[in-house]
1. Go through the range A:350-380 and give me each residue that's buried (at least 21 other Cβ atoms within 10 Å of the Cβ), among the hydrophobic types (A, V, I, L, M, F, W, C), more than 27 Å from A:THR172 (Cβ to Cβ) and touching a strand residue (DSSP E or B) at 6+ places or on another chain (Cβ under 6 Å).
2. Pairs please, first residue from the range A:40-52 and without any contact (Cβ under 8 Å) to a residue 40 or more places away in the chain, second anywhere and near RNA strand B (Cβ under 8 Å from one of its atoms), Cβ atoms under 7 Å, 6+ apart in sequence or on different chains.
3. Looking at the range A:208-249, which of the residues that are within 16 Å of RNA strand B (Cβ to nearest atom) and assigned to a loop (DSSP other than H, G, I, E, B) is farthest from A:ALA106 (Cα to Cα)?
4. Enumerate the pairs (first residue in the range A:84-103 and farther than 28 Å from A:ARG52 by Cα; second residue anywhere and away from RNA strand B (no atom under 12 Å from the Cβ) and modelled with pLDDT under 90) with beta-carbon separation below 9 Å, excluding pairs fewer than 6 apart on the same chain, so at least 6 apart or on different chains.
5. Count, please, the residues in the range A:178-226 that happen to be farther than 30 Å from A:GLY308 by Cβ, of a type outside the set (D, E, K, R) and either over 15 Å from the mean Cα position of the chain (by Cα) or outside the structural domain of A:ILE366 (by TED's automatic domain parsing) (or both).
6. Are any residues in the range A:387-420 in contact (Cβ under 8 Å) with a residue 12 or more places away in the chain and either of a type in the set (D, E, K, R) or not assigned by TED's automatic domain parsing to the domain that holds A:VAL319 (or both), and if so, which ones?
7. Starting from residues that are small (Gly, Ala, Ser) and at positive phi, keep the ones in the range A:238-269 and report whichever is surrounded by the fewest Cβ atoms within 10 Å (Cβ to Cβ).
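The values are calculated or read from the model by the stated rules, or taken from the named source; none is laboratory data. Only a predicted model underlies this, so the values are computations on that prediction, with no experimental measurement involved. No Cβ is skipped: glycine too gets one built from the backbone with ideal geometry, and neighbour counts run over all protein chains shown.
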Amino acid sequence: MLDIKLIRENADFVKTKLALRNEDTAKIDEILSLDVNRLEILHKVEALKETRNKVSAEIAKMKKEKVDAEDKIAEMKKVGDDIKAYDDELRGIESKIESILYHIPALPADGVPEGKDASQNVEIKIWGEKKNFSFEVKDHVQLGKHLDILDFERGTKISGSGFPLYKGKGATLERALINFFLDTHTNQNGYNEVMTPVLVSRASMEAAEKVPKFEEDMYHMQADDLFAIPTAEVPILNIHRDEIIKQDELPIKYCGFTNCFRREAGSYGKDTKGFLRVHQFNKVELFNFCTPETSYDELEKMLGHACGLLEALGVHYRVIELCTGDMGFSASKCYDIEVWSYAEDKWLEASSVSNCTDFQSRRAQIRYKKVLENGKTKTELVHMLNGSGLATSRLMVALLEANQNADGSINIPQCLKSYTKFDIIE
RNA sequence: AGAGAGAUGGCUGAGUGGUUGAAAGCGGCGGUCUUGAAAACCGUUGAUGCCUCUGGUAUCCGGGGGUUCGAAUCCCUCUCUCUCUGCCA
């Protein structure tokens, strides 16, 4: 969530930034007027409470001295009633402010390209080249079926469409990718590996800013009010919820593999083929808690960590910087990494790396003790970044297609061979 | 799932209606001593909001509600933890 103080003191700035995200800035005016009202009542009720505290102390003293205090008690009874009335009113206003605030996205960082939608994203890097095939390429569904390594029909039988079933060397290849990613991040990139719960509480979803805004997009277990995670970002972020971290412990970097679950409500009929849009997929997540001064540097490093994996795999990819109109709710700056699909003849998103600055840490109350120049300390919100490093399903599309041979067999990239223990799937 | 116990500051742990934002200890930070360190001693050490902002004030003792002039303390409720029993991997 945004800082109410920032809205109060720099309303025009906030509106300008939100307009870049196609947001209705009338919400800000609504918050401002509620805030004025809130402060007015807050001042009144605090003055009354001050009176109550003072007189209550006097009453205590009089009681001790066995002096009759009935007049003061009667007087305070009235004050108490007024306090209660104001407190109720205050609570009502605060919950109105929150319900608006919870639906306002993060402000885009300076320098993020301005644009209305995905068409105005900016390609900033392209790596590798398209291969030339001397035969007609098969798509990943055909390849998966031909080699009996992916069984989308039976996945559908088990759970419904969008729940893939990996078989044999397909399952092994998936496992190899995950292990390769985790090993690289822990051994070379300085991440601490975690294995987290995949069902999380409503409080955890709120802290990660997924609820209330995206509640409909997630699987929910009603009996226990638990949500299946759409990304490991949620449990990893919550590792430090309500904590104050020492400055010298930052940055804290975690990586973790989980299954991810998304209802993808509202996208029926779009990209239904195979892995293109699924309800359950596998992902190794990168997460970073750091100081505000370093977060944009950390963002570039994380992007590099994700790209490094694709380069090791020899997958043709590009990096795009999302424009203001296409960024996710919590992000101030975001890169997507896309891999090339020969069969679909288009780029597919395999990773997204975002700097969410203090947008989530404010709601999650994740802070650190900042040491000031005079030696004193100050608590400040940490900056938080998340990124996929990487999600496997769309990568699998690119990988299978790009490494296919004329007979439909698949060559295993060099860096995975020590994991798969086979060189080819045929 | 049933029975019982509990939740207090970075940690341990006092506190059962009136200067208790909270004793004590540990830890942290600063100092004295020391060539330096340890020990000892002294001091210091929570968060958040608002305001007329080198200060004032309000709020916070798991969450929420209630009783009362006044609640960490009493009542209700929810959540979580621990112990025992049951059930299941």
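1. Those that are buried (at least 21 other Cβ atoms within 10 Å of the Cβ), among the hydrophobic types (A, V, I, L, M, F, W, C), more than 27 Å from A:THR172 (Cβ to Cβ) and touching a strand residue (DSSP E or B) at 6+ places or on another chain (Cβ under 6 Å): A:VAL353, A:CYS356.
2. That search, which allows pairs on different chains as well, returns A:LEU48/A:VAL79; A:LEU48/A:ILE83; A:LYS49/A:ILE83; A:THR51/A:VAL79; A:ARG52/A:MET76; A:ARG52/A:VAL79; A:ARG52/A:GLY80; A:ARG52/A:ILE83.
3. Across the range A:208-249, the extreme among qualifying residues is A:ASP225.
4. A:SER99/A:PRO212; A:TYR102/A:VAL211; A:TYR102/A:PRO212; A:TYR102/A:LYS213; A:HIS103/A:PRO212; A:HIS103/A:LYS213
5. The qualifying residues number 8.
6. Selection gives A:ARG394, A:GLU401, A:ASP407.
7. Of the residues in the range A:238-269, the ones small (Gly, Ala, Ser) are A:256, A:265-267, A:269.
Now restrict to residues that are at positive phi: A:266, A:269.
Numbers: A:GLY266: 8, A:GLY269: 6.
Once the filter is applied, the top-ranked residue is A:GLY269.
Each row is one residue, and each column tells you yes or no for (1) in contact with a helix residue (DSSP H, G or I) (Cβ under 9 Å, 6 or more places away or on another chain); (2) among the hydroxyl-bearing types (Ser, Thr, Tyr).
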{"residue": "A:VAL14", "(1), (2)": "yes, no"}
{"residue": "A:LYS17", "(1), (2)": "no, no"}
{"residue": "A:THR51", "(1), (2)": "yes, yes"}
{"residue": "A:MET76", "(1), (2)": "yes, no"}
{"residue": "A:ASP81", "(1), (2)": "no, no"}
{"residue": "A:TYR86", "(1), (2)": "yes, yes"}
{"residue": "A:ARG91", "(1), (2)": "no, no"}
